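Participant: Could you have a look at this structure, given as structure tokens, before my questions?
The values are calculated or read from the model by the stated rules, or taken from the named source; none is laboratory data. Please read all numbers here as calculations on a predicted model, not as lab measurements. For neighbour counting, all protein chains shown are included, and Cβ atoms are generated from backbone atoms with ideal geometry for every residue, glycine included.
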Amino acid sequence: MDANSYSGRENLEVMKSAFNYNRFLLNLINRNAKSTLKILDYGAGLGTFASELANSGLDIACLEPDDSQRGLLIDAGLETYSCSDEISAGSFDYVYSLNVFEHIEDDVAALKEAHRVLKPGGQLFIYVPAFNVLFGEMDRMVGHHRRYTLKSLLDLVENGEFTINEAKYADSLGFFLTLLYNLISGSNGNVSAWSVQVYDSLLFPVSRFIDIFTCRLFGKNVYISATKQGQ
């Protein structure tokens, strides 16, 4: 990840209030997180997740190319890198990345860097937006290059010399609401705090229940957990 300016900070600020959604992501990250591991947040943004995990006693470092957001991470006392070139090979036991790979034009190269900085046998977790049919003005505004399917994310990670542990879709209701949002919203791509809070408190818990049955079929997002091959 090279230094540049991120255009979606307002939406990141709004999403900080999505308690249930953020707790869901933290729970996914914590499946592979232990206090004895060195962990890298690959594209840490505002530090919403890195700060929470660090406060729980985990050893967290951050990779963040955006200058202003990296400044916030440094001010929060988090070990922070501006690009992966600053990180030595095999430095981390666990790398997680939340809604980042869709922003990177060459996601194959980004995955190679995640592979490089992981120790052999290290864990990788990637969470990204799903389905190009949902690609809308918000994606364009924040600089998304693509959305993924389960197959395309599996292909990316398997070809990067990882062994897959788990791969699923998430947020089934969000799939349909994003379609609706793209049809009726204005052209600015912004997400309102009110709509996020309503969805997070009333609909996201229902969506998570439906995901039990639809996690191999569709969702607003898709995630994968994998292990770096080698000893």
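Participant: If we only count helices (runs of 4 or more DSSP H) wholly inside segment 89-184, which ones have 3 or more residues that are modelled with pLDDT under 95? Full working, then the answer.
Facilitator: Numbers: elements: 107-117, 137-142, 150-158, 172-184.
In segment 89-184, 137-142, 172-184 are the helices (runs of 4 or more DSSP H) which contain 3 or more residues that are modelled with pLDDT under 95.
Participant: Within segment 103-134, track down each residue that is free of Cβ contacts under 8 Å to residues at least 60 places away in the same chain, closer than 28 Å to L179 by Cβ and either polar (S, T, N, Q) or in contact with a Gly (Cβ under 9 Å, 6 or more places away or on another chain) (or both). Break it down into steps so the answer makes sense when it comes.
Facilitator: Initial filter on segment 103-134 (free of Cβ contacts under 8 Å to residues at least 60 places away in the same chain): 105-109, 111-112, 116, 132-133.
Cutting the leftovers down to closer than 28 Å to L179 by Cβ gives us 105, 107, 132-133.
Correct list: N132 only.
Participant: Identify, from the list C83, C62, the residue that is in contact with a Pro (Cβ under 7 Å, 6 or more places away or on another chain) and of a type outside the set (S, T, Y).
Facilitator: On the way: C62 fails: in contact with a Pro (Cβ under 7 Å, 6 or more places away or on another chain).
Matching residue, one of C83, C62: C83.
Participant: Which of the residues spanning segment 187-231 are assigned to a loop (DSSP other than H, G, I, E, B) and not hydrophobic (A, V, I, L, M, F, W, C)?
Facilitator: S187, N188, G189, N190, S192, R216, G219, K220, Q229, G230, Q231
Participant: Another question, then. Among the listed residues K119, K151, K112, K168, which satisfies the condition of being over 21 Å from Y42 (Cα atoms) and among the basic types (K, R)? Walk me through it before giving the result.
Facilitator: Numbers: K119 fails: over 21 Å from Y42 (Cα atoms); K112 fails: over 21 Å from Y42 (Cα atoms); K168 fails: over 21 Å from Y42 (Cα atoms).
The unique qualifying residue is K151.
Participant: Also, I was wondering about something else. Just give me the residues in segment 42-64 being surrounded by fewer than 21 Cβ atoms within 10 Å (Cβ to Cβ), touching a helix residue (DSSP H, G or I) at 6+ places or on another chain (Cβ under 9 Å) and over 23 Å from G121 (Cβ atoms), in sequence order.
Facilitator: L46, T48, F49, S51, E52, S56, listed by residue number.
Participant: Would you be able to tell me the number of residues in segment 67-88 that are assigned to a loop (DSSP other than H, G, I, E, B), out of contact with any Gly (no Cβ under 8 Å at 6 or more places or on another chain) and not polar (S, T, N, Q)?
Facilitator: Within segment 67-88, the first condition is being assigned to a loop (DSSP other than H, G, I, E, B), and the residues that meet it are 76-78, 82-83, 87-88.
If we keep only those that are out of contact with any Gly (no Cβ under 8 Å at 6 or more places or on another chain) as well, we get 77, 82-83, 87-88.
Filter once more, keeping what is not polar (S, T, N, Q): 77, 83, 87.
Result for segment 67-88: 3.
Participant: Also, I was wondering about something else. Out of the residues in segment 78-110 meeting the condition of being out of contact with any Asp or Glu (no Cβ under 8 Å at 6 or more places or on another chain) and among the polar types (S, T, N, Q), tell me which one is nearest to K16 (Cα to Cα).
Facilitator: This residue is N99.
Participant: Turning to a different aspect of this structure: Does segment 141-165 hold any residues that are among the aliphatic types (A, V, I, L, M) and within 21 Å of R216 (Cα to Cα), and which are they? Break it down into steps so the answer makes sense when it comes.
Facilitator: Taking segment 141-165 and keeping what is among the aliphatic types (A, V, I, L, M), we get 141-142, 150, 153-154, 156-157, 164.
L150, L153, L154, L156, V157, I164 - these are the residues of segment 141-165 that are among the aliphatic types (A, V, I, L, M) and within 21 Å of R216 (Cα to Cα).
Participant: Looking only at segment 66-86, how many residues end up being touching a helix residue (DSSP H, G or I) at 6+ places or on another chain (Cβ under 9 Å) and buried (at least 19 other Cβ atoms within 10 Å of the Cβ)?
Facilitator: 7
Participant: Taking only segment 194-216 into account, find how many residues are under 20 Å from the mean Cα position of the chain (by Cα), surrounded by fewer than 16 Cβ atoms within 10 Å (Cβ to Cβ) and not basic (K, R).
Facilitator: Final tally of qualifying residues: 2.
Participant: Out of R23, R31, R9, R70, I need the residue that is closer than 23 Å to G122 by Cα, out of contact with any Pro (no Cβ under 7 Å at 6 or more places or on another chain) and not aliphatic (A, V, I, L, M). Which one? Before you say what the answer is, go through the steps one by one.
Facilitator: Numbers: R23 fails: closer than 23 Å to G122 by Cα; R9 fails: closer than 23 Å to G122 by Cα; R70 fails: closer than 23 Å to G122 by Cα.
Checking each option against the conditions leaves just R31.
Participant: Pairs please, first residue from segment 7-19 and of a type in the set (D, E), second anywhere and assigned to a loop (DSSP other than H, G, I, E, B) and modelled with pLDDT of 80 or more, Cβ atoms under 8 Å, 6+ apart in sequence or on different chains.
Facilitator: Pairs that qualify, where the first residue is of a type in the set (D, E) and the partner is assigned to a loop (DSSP other than H, G, I, E, B) and modelled with pLDDT of 80 or more, are E13/L46.
Participant: Of all the residues that make up segment 39-66, how many are aliphatic (A, V, I, L, M) and part of a helix (DSSP H, G or I)?
Facilitator: Within segment 39-66, residues that are aliphatic (A, V, I, L, M) and part of a helix (DSSP H, G or I) number 3.
Participant: Further question on the same structure: List every residue pair whose Cβ atoms lie under 6 Å apart, where the two residues are 6 or more positions apart in sequence or sit on different chains, the first residue falls within segment 78-98 and is under 16 Å from D67 (Cα atoms), and the second residue, located anywhere, is surrounded by fewer than 16 Cβ atoms within 10 Å (Cβ to Cβ) and at pLDDT 95 or above.
Facilitator: Note: pairs meeting the criteria are T80/I74.
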